[in-house]
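Note sheet for the following structure.
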Amino acid sequence: GDRAQAVSARFPVGILTRCAPGGFMTDLAPVPGEAFADLDLSDLDLAALVPVVAEEDFEHHCLSVRHGAAKTLRQLGPMAAPFAQHLAAKMDHHEGAYALASQLGNADYLVRRTAMEALSQMGAEGAAALSGAAASGSRESWASASEALCWMGELGAKTLASHLEDASADVRLLAVEALGRCSEAAAAGHLARMAWRLEDPEPALHAAAARTLRGHAAPGASALAEGPFASGGAGARARAEAALQEMGPLGAAALADLLGSSEAGVRRRAGVALQGLGCDAGGALAHKLLDRDAGIRWRAAEALGNLRPDSCSAAHSDALAVCLEDESSWVRTAALRSLEKLGVGATEAHAAALKGRLADGNHLVRSCASRVLQQPGDLAAGGCGGRGPRRPALRP
């Protein structure tokens, strides 16, 4: 239109104009950017161009005109925001959203990108149209749609999560990868669901899900530990454990939380996995020594003595020594056993605290302290064994 042509010389990119009655469009050659280094565009009335591009061209009967209009908006870069917002406001009905969604697989990147940006601003209607691309059978369309859903915050993440069990492996894979690009806040409520992709029949989903969950730090580690590691099949458990070990201290903290599980098998697997984490597990276990639940403190004290190499446990011998004063005899016994496993260095460093247990009110603790002091580090001599008082129950 005349208004578009009148300002085309003031833009650092070309403006599309019609060159034939049929509506076909062509680009004016872009003007070199350096020619506009000192150009003040503050008085340019972008609102005057919105009807030209959005109302006339995007609703034109000719597909080439609509494609050209989309390309124009992409060329305008940041200046296109008013256009995209206007378009989203106009096309807030079902038919308009799906008309845009039909362009998600277009060969022209600029057309695809503009459709993605417009749909991402259309709320529930846009999300529904983007979701429908999963059924299109086109990997390219769903790839564009899943990327646009990433931009829609919690609504987009929820829509992506709804495709995690899709019949198509490609759809599931792209949904997992897209959730990995969503913000932590938007994706947080869907990480547990994603963790079960470690049981997916498609092997490519295993690595993608583990990678995405690792990228979400502590919430991702919790999803791995509480989901497939705790109650998945053997294969999923192994994959979850490998992912948690790769997460170092974050994975250790998630596994240490399982020491409070009501399932004995889960507690046992968590303890074994923590031993495999070595020094990364030391800090998480030492923190659990302060837990209000005596059962968790007891399991943490036991696990600390089993870390390898011994130096990982020795770094927390002071924390174990504090447990010698714990109100629970089981925790005191576990601390004695772990200090015993650390050898002469640990027992000598805490000899005074160990001697104090010789007068302990519990016979098992007294016996254990006596053995440790007489045969420090010599597990063959009998160490701290036998049955003691009732094992501390976990708090509800």
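Could you work out how far the C-alpha centroid of region 131-177 sits from that of region 314-361, in angstrom?
Using only Cα atoms, the two centres lie 55 Å from each other.
Cα gyration tensor of region 144-224, axes a ≥ b ≥ c as square roots of the eigenvalues: rounded (a/c below 1.5), prolate (a/b > b/c) or oblate? All intermediate terms of the calculation are to be shown ahead of the outcome.
Working: a/c = 1.77, a/b = 1.07, b/c = 1.66.
Cα axes put region 144-224 in the oblate bin.
Among 347, 285, 364, which residue has its Cα furthest toward the positive end of the charge dipole of region 282-372, with +1 on Lys/Arg Cβ and -1 on Asp/Glu Cβ?
Positive-end residue among those listed: 364.
Work out the length of the dipole vector of region 186-307 about its Cα centre, built from +1 on the beta-carbon of each Lys and Arg and -1 on the beta-carbon of each Asp and Glu, and round it to the nearest 20 debye.
Working: 13 positive and 12 negative charges, 19 e Å.
Charge dipole of region 186-307: 100 debye, to the nearest 20.
Taking the full set of protein chains and a 1.4 angstrom probe, give the accessible area of residue 280 in square angstrom, rounded to the nearest 10.
Counting only protein heavy atoms, residue 280 exposes about 70 Å² to solvent.
Going by average Cβ neighbours within 10 Å, how do the peptides 350-359, 100-109, 170-179 rank, with the highest at the top? Present the calculation step by step, with values, prior to reporting the outcome.
Details: 350-359: 15.4, 100-109: 18.9, 170-179: 23.6.
Highest-to-lowest ranking by the protection proxy: 170-179, 100-109, 350-359.
Could you tell me which of rounded, prolate or oblate describes region 172-303, using a ≥ b ≥ c as the square roots of the eigenvalues of the alpha-carbon gyration tensor, with rounded for a/c under 1.5 and, failing that, prolate when a/b is larger than b/c and oblate otherwise?
On the way: a/c = 2.20, a/b = 1.78, b/c = 1.23.
Prolate shape, in that a/c is at least 1.5 and a/b is the bigger ratio.
Express in nm, to one decimal, how much length is gained between residue 358 and residue 128 on full extension, taking 0.36 nm for each residue of separation and deducting their alpha carbon distance.
On the way: separation 230, 0.36 × 230 = 82.80 nm, distance 7.07 nm.
Gain on extension, residue 358 to residue 128, equals 75.7 nm.
Nothing charged except the Cβ atoms of Lys and Arg (+1) and of Asp and Glu (-1): what's the magnitude of the dipole of region 277-368 about its Cα centre? Round to the nearest 20 debye. Mind dumping the intermediate values first?
Details: 11 positive and 12 negative charges, 37 e Å.
With Lys and Arg at +1 and Asp and Glu at -1, about 180 debye.
Can you bin region 119-162 into rounded, prolate or oblate? Criterion: square roots of the alpha carbon gyration tensor eigenvalues sorted a ≥ b ≥ c, rounded for a/c under 1.5, prolate for a/b above b/c, oblate for the rest.
Numbers: a/c = 1.73, a/b = 1.61, b/c = 1.08.
Cα axes put region 119-162 in the prolate bin.
The values are calculated or read from the model by the stated rules, or taken from the named source; none is laboratory data. Note that this is a predicted model, so its numbers are computed, not measured. Positions of Cβ are backbone-derived with ideal geometry, glycine not excepted, and every protein chain shown enters the neighbour counts. The area values use the complete protein model at the heavy-atom level, side chains included, leaving out ligands, DNA and RNA. Shrake-Rupley method; radii C 1.70, N 1.55, O 1.52, S 1.80 Å.
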